[in-house]
Amino acid sequence: MSSNKLLARNIAGEITISDNPALTLRKWREVFGLTQVELARFLEISPSVISDYESGARKSPGIVFIRRWVEALIALDVKKGEQTTKKFSIPKSDAILDVKEFLSPMSAKKLVKSVQGRVVSNKGLIDRDICGYTIIDSIKAILEFSKDDFAEIYGTTTQRALIFTKVHTGRSPMVALRIAKPRPSLVVLHGLNPQSVDKLAIKISMLEKIPLIISTIKSEEELVGNLRGLIE
């Protein structure tokens, strides 16, 4: 199955099972950067129909309409050079273990709790919302990451948590983030204890105003499972 077909299936499934289909329809249209007028023109319907579905004024659309809606999002994006669909493609680098987007913004505190995290810097900043997360194998990233690979870690938004596994002191990930742009909303390190965090890593997090969290979960598998549980 192609990456675009897999993406379409996932989006359609998310809309279908959502407790708030109207919000989900709107969310995905905005993720693809489309206006109601653009989408309506492609579907050959009135923009008011799009507005009614997204506001909940109309009864939730059936599966046939949802399929047309999703196919329209992807078709229009392809015309624009796949600016959005490429961000959801399977990562090329083995260093990127997982990339997920949330249905709606989520409190960073909820993610911190899911990873059994201990805040080592900028505790006052974890009230912010995040829209997704990316899990990165720090050792593979150091050995394999290219400039293009680094751009992939942000998915559709930088308003996300970056979770680095196999970390020894935390210096390398934070130095990389210091050099690179843009910045994430939150960084989680896994594989070390809070007392082992490098002082330079903490200093960088303070300078960049990025909350730095240490996950105390023992296994990487449990870490990944807990994070995926946030969107199920």
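Derivation of every value follows stated rules applied to the coordinates shown; laboratory data play no part. Just so you know, these numbers come straight off a predicted model, no measurement behind them. Heads up, the Cβs are rebuilt from the backbone with ideal geometry, glycines too, and the neighbour counts pull from every protein chain shown.
Okay, here's what the table says:
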{"read-out": "Karplus-derived 3J(HN,Hα), 6.51/-1.76/1.60, for each residue of segment 107-124, Hz, glycine and proline x", "value": "4, 4, 4, 5, 5, 4, 5, 5, 9, 6, x, 10, 7, 10, 7, 6, 4, x"}
{"read-out": "In degrees, nearest ten, helix 21-31 long axis to first principal axis of the chain (Cα)", "value": "70"}
{"read-out": "For residue 136, residues with placed amide H under 5 Å, excluding near neighbours", "value": "97, 163, 164, 165"}
{"read-out": "Aspartates and glutamates with Cα under 12 Å of residue 140, excluding same-chain neighbours fewer than 8 positions away", "value": "94, 149"}
{"read-out": "Rounded to 10°, Cα long-axis angle of helix 199-208 versus longest principal axis of the chain", "value": "40"}
{"read-out": "Relative contact order [Cα under 8 Å, 6+ residues apart], the chain, whole percent", "value": "18"}
{"read-out": "DSSP beta bridges in the chain [antiparallel fraction, %, rounded to 5]", "value": "45"}
{"read-out": "Segment 125-232 shape via C-alpha gyration tensor axes, a/c threshold 1.5", "value": "rounded"}
{"read-out": "Rg over Rh, two decimals, segment 3-86 (C-alpha only, Kirkwood Rh)", "value": "0.93"}
{"read-out": "Highest-MSF residue in the chain out of 180, 22, 57 [GNM, Cα springs under 10 Å]", "value": "57"}
{"read-out": "Taking 221, 14 and counting other C-beta atoms within 10 Å, the order from fewest to most", "value": "221, 14"}
{"read-out": "Estimated 222 nm signal from helices in the chain, with DSSP H stretches of n ≥ 4 weighted -39500 (n - 2.57), rounded to 500", "value": "-13500 deg cm²/dmol"}
